[in-house]
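No lab work stands behind these numbers, since they all come straight from the coordinates. Fair warning: this is a prediction, and the values are worked out from it, not measured in the lab. In this analysis, Cβ positions are derived from the backbone assuming ideal geometry, glycine residues included, and neighbour counts consider all displayed protein chains.
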Amino acid sequence: MSILPLHMQPLNHLQHARVYHRLPFPSRVYCSTTTTKPRHDDVGRLTIESPPVTLNTDRSSATSRSLLNDPSLQSTWSHRAWVASGCTTVSYSLAKSLAASVDSHIWLEPLLAGLAGYVLADLGSGVYHWGIDNYGDAGTPIFGSQIEAFQGHHKWPWTITKRQFANNLHALARVITFTVLPIDLLCNDAVIHGFVCMFSGCIMCSQQFHAWAHGTKSKLPQVVLSLQDAGILISRAQHSAHHRPPYDNNYCIVSGVWNEILDNSKFFEVLEMMLFFRLGVRPRSWSDPDSEWIEESEASLTTMQ
Ligand SMILES: [Zn+2]
Ligand SMILES: [Zn+2]
């Protein structure tokens, strides 16, 4: 997230905070500055409520214009080329699946493989999102820029809606190009390509699904709203829970079908414990509350400019 300085401080009015005891495992005690103490079973439903913000319309629209002109949110020809190559490799995989199905007269298995690819892409997006939200930093080899972008996304989540299409997708499109191209060249199996084209296509587009989950209902296309409401794409309501305390759930961003399963089974908490006890690394979600997790509003950016 290069559009904003990473040293910006959290707003003082965002006072809902988590307090952790320094134990070798995540023991969570929640405090609130409000006079109403939340019951234990209300913890997961805590929300940050910003005080009423008096928006200066002119300054707000000026901020939107400056964001739209921010080079870090705009697509370059390099971004577009990587998205084009990713789309080409995925489309070629789909074409090979269809061609092999016609040759072999097998249709059910490739279709089921495609369905499996779609379902597992959601799981894959959740595991990847959990990993880069919680581990590493901008200096981490290979994943550094993605880690910086996803961790910065928690501070300025609304900027994803200002990001241009190829700018948002190019990093995943590059990964898809390098992984799917060899399969395209070496494999002619209808079932394998049925799986590969759906899995890789959903992974590549997951950042667009994510951006739509941050979209304003009145501004999203009706077909997107219908797919979100049907649970085919990650819904706005489900993903908004990921941006509220305790910031450790609802990581999946394709369809969200795995979110409840993973969160109820404490899948990621078990993984975090295993990594901690084996490698001694702590996920960011165990850390003391800090400014990196707390969202700053677009209005706060306006006041800082
Ligand atoms: Zn996240
Ligand atoms: Zn988000």
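Computed quantities for the displayed model
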quantity	calculated
Shape call, region 119-179: gyration tensor on alpha carbons, a/c limit 1.5	rounded
Estimated FRET transfer efficiency (residue 111, residue 145; beta-carbon r; R0 35 Å; 0.05)	0.45
Gyration tensor over alpha-carbon atoms, region 145-251, equivalent ellipsoid semi-axes in Å	28, 17, 13
Ordering of 216-223, 72-79, 106-113, 248-255 by burial proxy (mean other Cβ atoms within 10 Å per residue, highest first)	248-255, 106-113, 72-79, 216-223
Prolate/oblate/rounded label for region 194-286 (Cα gyration tensor, a/c 1.5)	prolate
Extension gain, residue 165 back to residue 232 (0.36 nm per residue minus Cα-Cα distance, nm)	22.1 nm
Taking 197, 202 and counting other C-beta atoms within 10 Å, the order from fewest to most	202, 197
Greater than 26 Å apart at Cα, pairs in 96/217; 155/217; 162/217	96/217
